[in-house]
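Peer 1: Here's a structure for you.
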Amino acid sequence: MIRNKIFLRKDKIRLRMIFLFFLSFLFSCNSNEKKIADHEQNSVEIVSKDLPQIIESGVLKVITSYSPTGYFLYKGKTMGFEYEIFKRLADHLDVRLEIVIAKNVDSVIPMLNRGEGDIIALGYTITSDRKEDVSFTDPYLITHQSLIQKKPDNWRKMTKDNIKKALATDVIELIDDTVSVRKNSSYYLRIKELSNELGDSIYIKVLPGELSDEQIIKMVSEGTIKYSVIDNHKASIHKSYFPNIDINTPISLSQRIAWAVRKTSPELLEIINKGLATIKRKPDYNMIYDKYFKNRRQFHKRLDSEYYTGKTGKFSEYDEIVKKYSDDLGWDWILVKSLIYQESMFKSNNIAWTGASGLMQLMPSTAKEMGIKNVYDPEQNIKGGTKYLKRMYSYWDQIPDSIQRIKFAIASYNCGYGHIKDAQKLAIKNGRDSLNWDNGVDYYVLNLSKPEFYNDPVVEFGYARGYEPYNYVKDIFDRYKNYKTISSQ
């Protein structure tokens, strides 16, 4: 019966196509008006900022969203396809990567053009409408859009043929039905085009831009909405977590997926394209891609984990202990978590070649001085580590800014108070800002491995591998910012 209806609809469609031909001019006018309206919605004054300004600022800002494939936090480690790709680019440019979370994916183009970020890294489909507002990189992936629909409730007891009969396997079956998608997505545009192509109505329910692909797929899986549309490469990995959804009905032909930059950033566009071409020639790219879009076992493991932070708010099994002793220290416990990850990656039995051990990598003499009897006991180790941090913090009470003071304390925790004091003396001697870590004392810490610096008469403690505390502070604060961003989701 359903198939007969489909054939009748096809005949009806052929007759309508003749009539639609004569109305095409009117339709194209309406379409142009809509394009103008959409363009105006995305149009803001575009900032003039390109690669030289980014390098000068020392920060590459990437706009993305929190997702289990693109950017997320798992067991304290910042991960994701987009994150790994652009971390490599930032390292190549010798700048810091800053992730800017788009809480509403419908707003990413205005965010980009206002200068809130430098790159849109969301796995964006290249469309002619979007090309009016942004410049796309070379595509890094070819995919197609898939219809997301729920299988029958008893699908496990059904044959494949019977399951197929219960599903929409032809786009014609969407006529007079409703598909739920975000407004400023390529999926919305595709359903609109499909309605015109079929010459009949497919109704669209607009979903909030705050909803992620994962949340939308879950809504289909739970029966909250009947149909949605997602790019196939994303749908394929999510299907492993939601086995009752079907993604086998294509909605589009092949489409190109890319990243986007401002039209005022041609040099940035060029460097991204060169970097993409280079990494694609190496095994790295396929390894990164497979890790996030093909390794279903790891995908399951992450989403089911208690320490998939964006879902549970937890970083590790030691969160409550860290909160307890961070309160006494007076620091944000998430900052302390970042330091602990830097030290041990939350491995309580970790031992360094130097003899430092436990979660906060306490040296035997320090552990004894802090009254720690068992450095491998998480609570004792964290108690001792935060107590030692508090001592380092007290040494820098002349630093007026609390964040700068924390950076001095963290650097001292890493390589010793004496070396950091030497760097401060060098800053004073050379007329640099001795009360700020950033663009002040950090420069002299970094150079304490050079004879002309560690042989200076004001230096008391001599040579130090200055790049270690320099990167230590930088990495902890970069991770802290990521932790704060993700934990607020």
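The values are calculated or read from the model by the stated rules, or taken from the named source; none is laboratory data. Remember, it's a predicted structure, so these values are computed and weren't measured experimentally. Here the Cβ positions follow ideal geometry from the backbone for every residue, glycine too, while neighbour counts run over all protein chains shown. These accessible areas exclude ligands, DNA and RNA; they are computed on the full protein's heavy atoms, side chains included. Shrake-Rupley method; radii C 1.70, N 1.55, O 1.52, S 1.80 Å.
Peer 1: Using only the alpha-carbon atoms, how far is helix 319-329 inclined from the longest principal axis of the chain? Give it as 0 to 90 degrees, nearest 10.
Peer 2: Taking Cα atoms only, the helix is inclined about 40 degrees.
Peer 1: Using all C-alpha to C-alpha distances in the stretch 60-143, build P(r) with 5 Å bins and read off the rounded percent in each one.
Peer 2: 3, 14, 23, 26, 21, 9, 3, 1, 0
Peer 1: Can I ask one more? Hey, got the dipole for the stretch 70-129? About the Cα centre, +1 on K and R Cβ, -1 on D and E Cβ, debye to the nearest 20? Please list the in-between numbers first.
Peer 2: Numbers: 7 positive and 9 negative charges, 61 e Å.
Charge dipole of the stretch 70-129: 300 debye, to the nearest 20.
Peer 1: Considering only DSSP beta bridges where both residues belong to the chain, give the percentage that are antiparallel (nearest 5). Could the numbers behind the result be given before it?
Peer 2: On the way: 25 of 38 bridges.
Of the beta bridges lying entirely in the chain, close to 65 percent run antiparallel.
Peer 1: I would also like to ask the following. Of Asp433, Asp153, which has the most accessible area and how do the rest follow, probe 1.4 Å?
Peer 2: On the way: Asp433 70, Asp153 135 Å².
Reading off the accessible areas and sorting them downward yields Asp153, Asp433.
Peer 1: Step through the table entries Lys323/Lys450; Lys150/Lys484; Lys387/Lys484, compare each Cα-Cα distance with 29 Å, and write down the pairs that go over it. Intermediate values should be presented prior to the final figure.
Peer 2: On the way: Lys323/Lys450 39 Å; Lys150/Lys484 35 Å; Lys387/Lys484 23 Å.
Checking Cα-Cα distances, Lys323/Lys450; Lys150/Lys484 exceed 29 Å.
Peer 1: Taking Cα centroids, how far is the stretch 234-265 from the stretch 112-136 in Å?
Peer 2: 17 Å
Peer 1: So what are the radius of gyration and Dmax for the Cα set of the stretch 213-304, in Å?
Peer 2: Cα only, the stretch 213-304: 16.6, 47 Å (Rg, Dmax).
Peer 1: Calculate the dipole size of the chain relative to its Cα centre from +1 charges on Lys and Arg beta carbons and -1 charges on Asp and Glu beta carbons; express the result in debye to the nearest 20.
Peer 2: Values: 73 positive and 62 negative charges, 366 e Å.
Computed charge dipole of the chain: roughly 1760 debye.
Peer 1: More than 24 angstrom separation, counting every C-alpha pair in the stretch 344-478; what % is that? Present the calculation step by step, with values, prior to reporting the outcome.
Peer 2: Working: 2865 of 9045 pairs.
Of all Cα-Cα pairs in the stretch 344-478, 32 percent lie more than 24 Å apart.
Peer 1: Taking just the alpha carbons, could you work out the radius of gyration and Dmax for the stretch 144-257, both in angstroms?
Peer 2: When restricted to the Cα atoms of the stretch 144-257, Rg and Dmax are 13.4, 39 Å.
Peer 1: Dividing the Cα convex hull volume of the stretch 321-404 by residue count, how many Å³ per residue is that? Spell out each step's value before the answer.
Peer 2: Numbers: hull volume 7.9 nm³, N = 84.
Once divided by residue count, the hull of the stretch 321-404 is 94 Å³.
Peer 1: Report relative contact order for the stretch 200-256 in percent, whole number only (criteria: Cα-Cα under 8 Å, sequence separation at least 6). Each step should come with its number before you reach the end.
Peer 2: Details: 22 pairs, mean separation 15.2, N = 57.
Reported as a whole number, the value is 27 percent.
Peer 1: Pull out the extension gain between Met158 and Arg114, defined as 0.36 nm times the separation in residues minus the alpha carbon to alpha carbon distance; nm, one decimal. Walk me through the intermediate numbers first.
Peer 2: On the way: separation 44, 0.36 × 44 = 15.84 nm, distance 5.27 nm.
Additional length available on full extension: 10.6 nm.
Peer 1: Just want to confirm a number: the relative contact order over the stretch 286-445, from Cα pairs under 8 angstrom separated by 6+ residues, in percent. Show your work: numbers first, answer last.
Peer 2: Numbers: 174 pairs, mean separation 18.0, N = 160.
Relative contact order for the stretch 286-445 comes out at 11 percent.
Peer 1: Can you work out the FRET efficiency for the pair Lys324 and Asn104, with r the C-beta to C-beta distance and R0 = 45 Å, to the nearest 0.05? Please list the in-between numbers first.
Peer 2: Working: r = 36 Å, r/R0 = 0.80.
The formula returns an efficiency of 0.80 here.
Peer 1: To the nearest 0.05, how large is the calculated FRET efficiency for Ala352 and Asn273 if R₀ is 51 Å and r is the Cβ-Cβ distance? It would help to have the intermediate numbers written out before the result.
Peer 2: On the way: r = 41 Å, r/R0 = 0.80.
Result of the calculation: an efficiency of 0.80.
Peer 1: Taking only protein heavy atoms and a 1.4 Å probe, what accessible area per residue, in Å², does the chain have with all protein chains in place?
Peer 2: 49 Å²
Peer 1: I would also like to ask the following. For n ≥ 4 DSSP H runs only, could you compute -39500 (n - 2.57) per run for the chain, divide by its residues and tell me the 222 nm figure to the nearest 500?
Peer 2: Here the helix-only value at 222 nm equals -15500 deg cm²/dmol.
Peer 1: Something else about it: I need the calculated FRET efficiency for the pair Lys263 and Asn471, taking r as the beta carbon distance and R₀ as 35 Å, to the nearest 0.05.
Peer 2: On the way: r = 35 Å, r/R0 = 1.01.
Efficiency computed from Cβ-Cβ geometry: 0.50.
Peer 1: Could you order the peptides 123-133, 378-388 from most to least packed, using the average number of other C-beta atoms within 10 Å per residue?
Peer 2: Packing proxy ranking, top to bottom: 378-388, 123-133.
Peer 1: Let me ask another. Compute the long axis of helix 467-487 from its Cα atoms, compare it with the longest principal axis of the Cα atoms of the chain, and write down the angle in degrees, 0 to 90, nearest 10.
Peer 2: It is inclined by approximately 40 degrees.
Peer 1: If we restrict to alpha carbons, what Rg and Dmax does the stretch 244-386 come to, in Å?
Peer 2: According to the Cα coordinates of the stretch 244-386, Rg and Dmax are 22.4, 68 Å.
Peer 1: Just the number, please: carbon plus sulfur as a percent of the accessible area of the chain, 1.4 Å probe, no ligands or DNA/RNA counted. Can you show the working numbers first?
Peer 2: Details: 12250 of 23830 Å².
In the chain, the share of accessible area belonging to carbon and sulfur is 51 percent.
Peer 1: Then there's this: Pulled fully out, how much extra length does the chain show between Ser128 and Glu56, if you take 0.36 nm times their separation in residues and subtract their Cα-Cα distance?
Peer 2: On the way: separation 72, 0.36 × 72 = 25.92 nm, distance 3.26 nm.
This chain segment gains 22.7 nm when fully extended.
Peer 1: Report the semi-axes of the equivalent ellipsoid for the chain in whole Å, largest first, where each axis is √(5λ) for an eigenvalue λ of the Cα gyration tensor. Don't skip to the answer; put the middle values down first.
Peer 2: Details: eigenvalues 560, 150, 56 Å².
Taking √(5λ) for each eigenvalue gives 53, 27, 17 Å, largest first.
Peer 1: Give me the number: length gained by fully extending Val458 to Lys280, i.e. 0.36 nm times residue separation minus the C-alpha to C-alpha distance, one decimal in nm. Mind dumping the intermediate values first?
Peer 2: Numbers: separation 178, 0.36 × 178 = 64.08 nm, distance 5.01 nm.
Value of the extension gain: 59.1 nm.
Peer 1: What nm value, rounded to one decimal, do you get for the distance between Glu197 and Ser236 when each label is placed 7 Å out toward the C-beta?
Peer 2: Rounded to a tenth, the inter-label distance reads 2.1 nm.
Peer 1: What angle do you read, to the nearest 10 degrees and between 0 and 90, between the alpha-carbon axis of helix 378-394 and the longest principal axis of the chain?
Peer 2: Around 60 degrees separate the two axes.
Peer 1: When only Cα pairs under 8 Å and 6 or more residues apart are kept, what is the percent relative contact order across the chain? Don't jump to the answer; show the numbers that get you there.
Peer 2: Details: 744 pairs, mean separation 71.7, N = 489.
Relative contact order of the chain: 15 percent.
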